[in-house]
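Engineer: If you scroll down you'll find the structure; I have some questions about it.
The values are calculated or read from the model by the stated rules, or taken from the named source; none is laboratory data. Keep in mind it's a predicted model, so treat the numbers as computed, not measured. Don't worry about glycine lacking a Cβ; one is built from the backbone with ideal geometry, like all the others, and counts go over all protein chains shown.
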Amino acid sequence: MVVLVFVMVCGVYICANCLKQISTRTYLNIKVVDQPCQDLGIEQWEVPYVHYPQPETFSREECGCNPVWYFAILSMQRSGSGWFETLLNSHINVSSNGEIFSVISRRANISSLVKTMDKVYNLDWFTSASKNECLAAVGFKWMLNQGLMEHHADIVKYFKKKGVSAIFLFRRNLLRRMISILANSYDKDAKLLNGTHKSHVHSSTEAHILAKYKPKMNATLLIPELTKAEEASAKALQYFKNIRHIVLYYEDVINNRTKLQEVQEFLRLPVRELTSRQVKIHSGLLSEQIENWDDVQQALKGTSYQSFLQSDRKL
């Protein structure tokens, strides 16, 4: 009896220790799975902006511990955003997916906006910008008139919750922007390039053909239109001022290439030389690009927009 009791006590003791070890090991394993990427040198302020997406359409296990930053380029049509995005996409670790909200159904309401953004930021959105390499930054281009301003309050909440950084890209000379808008609108019908409309070109020959068209501006509506564009950019900056952001101007990026380094540092990217195949269309003097140049000069003379005329030089 004594031997039997001793055997039973030993058996209970051994089983209890085994269960305890199994339980501890299971707990440790779960902890490792839940938090696989801890020792990456991420600074405390960066934590809300660092993400580890888990796409539903493919496995990125090899990039599992590669932190991804979310961004959105906020701009207006004909402000150089297309050219700027090609520069970003020349970086091997960046995927900027274009003007995704140009499709009306994707911006019908805040639910469709959020659904689309979730898909992009989860890396389940495939465009020509999609990369096979481990991404360090993923985003898209968003024009102010594509639901951004109408739903700004909800979008700000989304950006804060998801840790999305905003890149504002505007144009200082709004008169040059208007020339580009009118010329692009004209070419949609005229199709000057052998019956094909192109908003952006990749050769100097194509750029020269499109630049031959000189729009005639409505001098009466000129100042109201410039004011409207100016107010739109000011409102956007006000609405998103509490979001982590950087403000860029097209002219500055062209004239000072260190601005591209600032953008890469803003997105926590390894700095590389960025390139684009796009060729600027309207690069001549302002006086050579507007049919009724004298009327435009007269309309802006003595106004806050007179400085646009003083940049009558090649850019």
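Engineer: Specify which of the listed residues (R272, R244) is in contact with a His (Cβ under 6 Å, 6 or more places away or on another chain) and not hydrophobic (A, V, I, L, M, F, W, C).
Structural biologist: So the residue among R272, R244 that is in contact with a His (Cβ under 6 Å, 6 or more places away or on another chain) and not hydrophobic (A, V, I, L, M, F, W, C) is R272.
Engineer: Out of the stretch 59-83, which residues are in contact with a Cys (Cβ under 6 Å, 6 or more places away or on another chain) and in a helix (DSSP H, G or I)?
Structural biologist: C63
Engineer: Could you tell me whether A190 is of a type in the set (A, V, I, L, M, F, W, C) and exposed (fewer than 14 other Cβ atoms within 10 Å of the Cβ)?
Structural biologist: yes
Engineer: Which one of these is without any contact (Cβ under 8 Å) to a residue 12 or more places away in the chain and out of contact with any helix residue (DSSP H, G or I) (no Cβ under 7 Å at 6 or more places or on another chain): V50, V103, V68?
Structural biologist: None of the others qualify; the one that does is V103.
Engineer: Right, here's the next one. Please find, among E206, E273, the residue that is of a type in the set (D, E) and touching a strand residue (DSSP E or B) at 6+ places or on another chain (Cβ under 7 Å).
Structural biologist: E206
Engineer: Being free of Cβ contacts under 8 Å to residues at least 24 places away in the same chain and either closer than 25 Å to F58 by Cα or among the basic types (K, R) (or both) is the filter here, so list the residues in the stretch 139-163 that pass it.
Structural biologist: Answer for the stretch 139-163, where residues must be free of Cβ contacts under 8 Å to residues at least 24 places away in the same chain and either closer than 25 Å to F58 by Cα or among the basic types (K, R) (or both): K157, K161.
Engineer: Need the failing condition index for N255 against (1) surrounded by fewer than 15 Cβ atoms within 10 Å (Cβ to Cβ); (2) modelled with pLDDT of 95 or more, just the number.
Structural biologist: Just one mismatch for N255, condition (2).
Engineer: Does N218 count as surrounded by fewer than 17 Cβ atoms within 10 Å (Cβ to Cβ), modelled with pLDDT under 95 and not hydrophobic (A, V, I, L, M, F, W, C)?
Structural biologist: For N218, the condition - surrounded by fewer than 17 Cβ atoms within 10 Å (Cβ to Cβ), modelled with pLDDT under 95 and not hydrophobic (A, V, I, L, M, F, W, C) - is not met.
Engineer: Next up: Report yes if I209 is in contact (Cβ under 8 Å) with a residue 12 or more places away in the chain, of a type in the set (A, V, I, L, M, F, W, C) and assigned to a loop (DSSP other than H, G, I, E, B), otherwise no.
Structural biologist: no
Engineer: Mind checking which residues of the stretch 110-133 are over 14 Å from the mean Cα position of the chain (by Cα), of a type in the set (G, A, S) and surrounded by 15 or more Cβ atoms within 10 Å (Cβ to Cβ)?
Structural biologist: Across the stretch 110-133, the qualifying residue is only S112.
Engineer: Checking A136 against (1) of a type outside the set (F, W, Y); (2) in contact with a Phe, Trp or Tyr (Cβ under 8 Å, 6 or more places away or on another chain); (3) buried (at least 16 other Cβ atoms within 10 Å of the Cβ); (4) free of Cβ contacts under 8 Å to residues at least 40 places away in the same chain, which single condition isn't satisfied?
Structural biologist: (4)
The rows are residues; the columns are (1) in contact with an Asp or Glu (Cβ under 7 Å, 6 or more places away or on another chain); (2) within 29 Å of G147 (Cβ to Cβ).
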position	(1), (2)
G195	no, no
K216	yes, no
A219	yes, no
Q238	no, yes
N242	no, yes
Y250	no, yes
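Engineer: Moving on. Could we say that K241 is farther than 15 Å from S75 by Cβ and charged (D, E, K, R) here?
Structural biologist: Considered against the rule, which asks whether it is farther than 15 Å from S75 by Cβ and charged (D, E, K, R), K241 comes out as yes.
Engineer: Okay, moving on. Hey, can you tell me all the residues within the stretch 60-76 that are more than 12 Å from the chain's Cα centre (by Cα) and either under 13 Å from S96 (Cβ atoms) or modelled with pLDDT of 95 or more (or both)?
Structural biologist: V68, M76
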